[in-house]
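The values are calculated or read from the model by the stated rules, or taken from the named source; none is laboratory data. Computed from a prediction, not measured in an experiment: that's the story for all the values here. When we count neighbours, we look across all protein chains shown, and the Cβ atoms used for this are built from the backbone with ideal geometry, even at glycine. For accessibility, only protein heavy atoms count, side chains too; no ligands or nucleic acids. Shrake-Rupley method; radii C 1.70, N 1.55, O 1.52, S 1.80 Å.
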Amino acid sequence: MPGEQNPAATVHWPVQSGPVPPLAAFYSPRPETGFAATGGPSEPPALRADEVGSYVLTGPGGTGKTQLAAAYARSLWQSRDTELVVWITASSRAAILAGYAEAFARTTSAPGGPPPASEPGRPAAGYGRGENQEQLAQRFLRWLSESTRSWLVVLDDLTDAGDLTGLWPRGAMGRSVLTTRLPPASIAPPRLQAKLVQISPFSRREALAFLTARLFEDTAQRNGALDLAEALGCLPIALSQAAALIADARIDCRHYRGQFGERQQAMGIGPDSGYAATVAVTWSLALDRSDQLLPTALARPLLAMLAMLDPNGVPAAVLTAPATRAYVGSYTADRADAPDADVRRALSSLDQVGLITIDAASPVRTVYMHALVQACVRQALPDAVRDSAAAAAANAVLQAWPEPSLDPVLDQALRDCTATLSQAAPQIAWTPNPGHRLLVRAGRSLDEARLSGPAVAYWRAMTEASGRQAEVAEAAGGEAAQAVAEQAGEYLRRLAAAYQAAGRVDLAVGVLTGALERREEALGPGHPDTLTARAELARTYLAADRVEEAIPHFERTLAGREWVLGPDHPETLAARLDLAAAYRAAGRLDDSIKVFQRTLADQELVLGEDHSTTIATRGSLAAALHSAGRTQDAIPLYARTLADRERLLGPDHPDTLTARGNLAYAYRSVGKLKEAIPLYSRTLADRARVQGPDHLDTITSRANLAAAYYSARKLKDALPLYEQTLADRERVQGPDHPDTLTARGNLASAYHSAGRMVTALQLYEKTLAGYERVLGPRHENTLTSRANLAIAYHEARRTPDAIALFQRTLSDCEQALPADHPLTQGVRESLEAARRT
C-alpha cells in the first residue's frame, strides 16, 4: 500500500486514506475460513475479491478479523479492482467521523472527487483547516452514495454499534467491510445487503499450512505441528506467537508444545479455558524469549507501556518520546534515559517473538499489540508497575501531541491511545499531571476538529466522572479534594463551550448558571473563581444574543475585578472590554464608546501602544464609533490599526488583511469610493494569494469589492465579481447556504440596476424560493427577498403580480415584525405606489 499522502497536494486515482495494518509475517490466505482472491474450494471462503458486496466480520478476539480485512483491502488495491481504499479504526464515533473527514480531504484533491470545503477564517487545506469534520464526513458519505468510482471502506474493530448510526457507507459502486467483536445480533446495517460472517479460528488444514509456511527454513521444526495447532485451538494469534518463538529459538513444535503444557500447568490454566487463557500462556513464553534476546530486560517496560495504549497502532513519536526513553532507562543499572537505539532494539525483540507487529512504513500507527496480549500483560502487572507505566504512557502521548495540531490522522491515533489508557488505568485521570492534562488535550483535539457531537459526549462524560470523583475526594479531604474540584470545574467549563459550539447555547447557559451558583455558595461572590464563572456565563448569554441578560453579569464581573484586582490589572481591563462589546451589541453605543476609550487609554499605559491587545481595542473603538455614525472619527483609528498591523505582523497576516478591509468599509460608508476600491482590491488579491481562491474570506472580499464598484455605479466592473462570487458560493458552500442566497440576491439586484430585467427576475425568483425553503416564509430575509421581487415586478410593468406579492409581504411583515419595523413601512409605501400606477 502507498505511504501517507499530503491531503493538500493534488492526487490521482487510485487513492488510499488511512493506514492499512500490515499483514502478519507468513500470512495465511485462509482459503477455507477466510479470504480468497477468486473462487474457493467446496466450502466457500468468508470473503471473495471477485464479488462486490459488504461484509460484517464478527467473532472473538484473536481469530484474525483485522488480518482478513487487511488482506482483502490489499488484494483489491494491488489488482486495481478499486479506485479508493478507506481504512478507519472504528474505536469511537469520533474516530469514524474523523476517518471519513480525512478521506474527504484526500479525495477532494483528486479529479472527480468531492468538491472542496472551507470555512471563514480558516485556511483552505489541511486540518488545522478547522473545518467542521462532522459536516465533511456527511459530505463524503453523500459523495460515496453518488460516486461512479469504485471504492472500499473498512471499519475495523467497532466497539459500539451505536457509533455507526447514520454513518454506514453505501453506494452502487462500493464495497465495505466491518470487523467487530460485538455479537452478530447487535449489528444491523440499515437497508444494506451485507453478508454477516462469524470468523472462527483456523481450520486444522489452515493451521497446519500456516506452521508449514512459517517454519520453512528447517523442516524438522514442523515435528508435532498438527498436535501443537490443536493444543492452541488453531487460534491465529496464538499460532503466530508460537511459530515466531519456535523459529527464533530453533526448537520444534513438539518441544514448544511441551513448554506450553508446563507453563499452562504452572499458571493453573486448564486445557479448555478459552482463547484468552491460551494467549496468556503463549505471550508469557514469548516474553521469556525476549528476555533472553535482551539480557537487560528493556523489553518489559516497553511491553507494559504498550499494554496501556491503542492496540490498533501506536505512533512512532510516542515510543521515541523523552518520557518513553526515561521509563525504559529506569530499568537499567544507571537509570539513565535509554537511547533511541536501545528502544528500537527492544521493540525489535518484541516483534521477533511475535508479541507486537511493527509497520515501519506508517509513522502514525507504527506498533500494534493485540488486545488479547494487552489484557494478559495488564493482568500480570503489579499495581505499582501498572501505575508507573500508565504515567509514562500519558507523558509520552502528551509529548508526541503537537501544538497546534496539523494532522487529523495523528490526532485520532493519539485520542485512541488516550481512550485505551484511561480504560486500562482509570486512576490516571485524577492525577493533575499527566493524567488530567492528557484528558484535556484529547478533548481539546475534538473541539479543534470541530467534532461537536463527540466533543459534547466526551466533556459530558468527563464532567459526570469528575463530579463523582469530587464527591469521593471531598469526603476524604486534603489537597487532593481541591485538585479534583479544579479539574471538575475545568471539565464543566469545557462542556459548556462544547454545547455552545454545537449550537446548544441553552444547555451551555444551564451548565454555567449551575456552576456560578455553586461557586458563589462555596467561595463567595468576590472570589476570583466566582468572577471567572460569571464572566463565562455572560459571554455565553452574549453569544446567544441574550445581551440584556449578559450586561448585568459583565457589569458585576467588572466591579468585582476592580475591587479585588485593581483598575489596571489585565483581567480588569479584559472585563472592561467585554462590557464595552456588550454595550455595543445592545445598541448602547455612547456607553460602549466611553468604556472602549477608557480601556484603550489604560492599555496604552499598562501594556503599551504596540501590544496586540491594545491594537485590537483600538480597532474595536473604531468599529463602535463607526456603528454610532461617527465614521470620520473612526477612520483615523482604522488607519492606525492597519498601519500597526502591517508594521508588527506584516502585510499578509490575517489580522492585517482584516484591518485593511475594515478601513475600506469605513471609506465606502462615507462615500469615499476612490479610497475604498483600491483597499478592497488589494485585500482581495492578498487573500486569494495567501488563503486561496476558495477560502470564504477570499470570496467575501470579492463580494465587498463588487459592492464598492456597484456603489460607484461601475456595473461593468461589479457584475463579473458578483457572478464569480455566486459561482464560488454555490460550489464551496452549496446552493442553499444563506451566504449563497445573499450572493444570488446581490447579483439579481446588480442585473436589475443594469437593466437586464429578464435575468434579474429569474434570480430574484430563485432567491426567494431558496429563502422560503431554507429559512421559512416569514423570516426577515425571506420578507426582504419577496419585497425585492415585488419591486422588480412593478418596474417590469407586471403590476398585478407586484400588488399581489406586496400584499402578501405586508401581511407577513405585520405578523412577524414589530409594528414600526422599517421593512413593514417600506412595503406599505411600495404597495400604495403600485396601486396608484
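Taking the simple approach of a point 7 Å from Cα along Cα-to-Cβ for both A543 and E571, what is their distance in nm?
Taking the simple label geometry, A543 and E571 are separated by 2.0 nm.
Cα centroid distance between region 620-671 and region 509-585, in Å?
Cα centroid to Cα centroid, the span is 29 Å.
Starting from the 7 Å offset along Cα-to-Cβ, what nm value, one decimal, do you get for the label separation of Q423 and R263?
2.5
Could you tell me the distance between the Cα centroids of region 788-819 and region 406-459, to the nearest Å?
54
Just round it to a whole percent: the fraction of Cα-Cα distances in region 486-556 exceeding 16 Å.
For region 486-556, the share of Cα pairs beyond 16 Å comes to 42 percent.
At a 1.4 Å probe, what is the % contribution of carbon and sulfur to the accessible area of region 645-781?
Roughly 51 percent of what the probe reaches on region 645-781 is carbon or sulfur.
Place a point 7 Å from Cα of T165 in the direction of its Cβ. Which residues in region 424-464 have their backbone N less than 15 Å from it?
Output list for this probe position: 453-458.
What do you get for GluC sites (Glu not before Pro) in region 544-636 restricted to DSSP loop and a cutoff of at most 14 other Cβ within 10 Å of the site's Cβ?
Passing sites in region 544-636 are E609.
Over all alpha-carbon pairs in region 254-305, figure out the percentage whose distance exceeds 17 Å.
41
Can you classify region 283-399 as rounded, prolate or oblate using the Cα gyration tensor, where a ≥ b ≥ c are the square roots of its eigenvalues, rounded means a/c under 1.5, and otherwise it's prolate if a/b beats b/c and oblate if not?
Rounded.
At 1.4 Å probe size, with the rest of the protein present, what percent of the exposed accessible area of region 150-206 is carbon and sulfur atoms?
56
Would you kindly state how much longer the chain becomes between M173 and E646 on full extension, computed as 0.36 nm times their sequence separation minus their alpha carbon distance, in nm to one decimal?
Net length gain for the segment: 165.1 nm.
Do me a favour and compute the ellipsoid semi-axes for region 268-338 from its Cα gyration tensor, root of five times each eigenvalue, largest one first, whole Å.
Value: 27, 17, 8 Å, ordered largest first.
Working with all protein chains in place, sort K672, K716, K65, K766 by solvent-accessible area computed with a 1.4 Å probe, largest first.
K716, K766, K672, K65
Tell me the angle of helix 715-733 to the major Cα principal axis of the chain, expressed in degrees between 0 and 90 and rounded to the nearest ten.
30
Between the alpha-carbon centers of region 480-502 and region 709-782, tell me the distance in whole angstrom.
44
Once the Cβ-Cβ distance between V606 and Q399 is put in as r, and R0 is 30 Å, what FRET efficiency do you end up with, to the nearest 0.05?
0.25
Tell me, what is the Rg over Rh of the chain, with Rh the Kirkwood radius over Cα pairs?
1.04
Taking a ≥ b ≥ c as the square roots of the Cα gyration tensor eigenvalues, with a/c under 1.5 meaning rounded and otherwise prolate when a/b beats b/c, else oblate, which class fits region 205-297?
Oblate, because a/c is 1.5 or more while a/b does not exceed b/c.
Quick one: give the max-minus-min coordinate of the C-alpha atoms of region 588-660 along each principal axis, largest first, in Å.
For region 588-660, the Cα extents along the three principal axes come out at 34, 27, 16 Å.
What's the local net charge at D812, with K and R +1, D and E -1, over the other residues with C-beta under 13 Å away?
Spelling it out: positives minus negatives among the neighbours equals +1.
Is any residue of region 299-331 close enough, with backbone N under 20 Å, to a label point placed 7 angstrom from the Cα of A461 along the Cα-Cβ axis, and if so, which?
Answer for this model: 307-315.
Rounded to the nearest 0.05, what FRET efficiency is calculated for R808 and V758 with R0 set to 22 Å and r the Cβ-Cβ distance?
0.45
Determine how many Å³ per residue the convex hull of the Cα atoms of region 649-758 encloses.
Hull volume over Cα atoms, normalised by residue count, gives 94 Å³.
Can you tell me what percent of all Cα-Cα pairs in region 532-577 are more than 14 Å apart?
43
From the helices alone, meaning DSSP H stretches of at least four residues, give me the mean residue ellipticity at 222 nm for the chain, per-run term -39500 (n - 2.57), in deg cm²/dmol to the nearest 500.
-20500 deg cm²/dmol
How much of the accessible area of region 228-281, probe 1.4 Å, is carbon plus sulfur, in whole percent?
C and S atoms contribute 46 percent here.
If you take the beta carbon distance between R828 and D340 as r and set R0 to 45 Å, what does 1/(1 + (r/R0)^6) give as a FRET efficiency, to the nearest 0.05?
Once the sixth-power term is evaluated, E becomes 0.05.
Spin-label point model (7 Å from Cα, Cβ direction): what's the D81 to T837 distance in nm?
With each label point 7 Å from Cα toward Cβ, the separation is 6.7 nm.
Which value, in Å², gives the accessible area per residue of the chain when a 1.4 Å probe is used on the protein heavy atoms?
Here the residues of the chain average 42 Å² of exposed surface.
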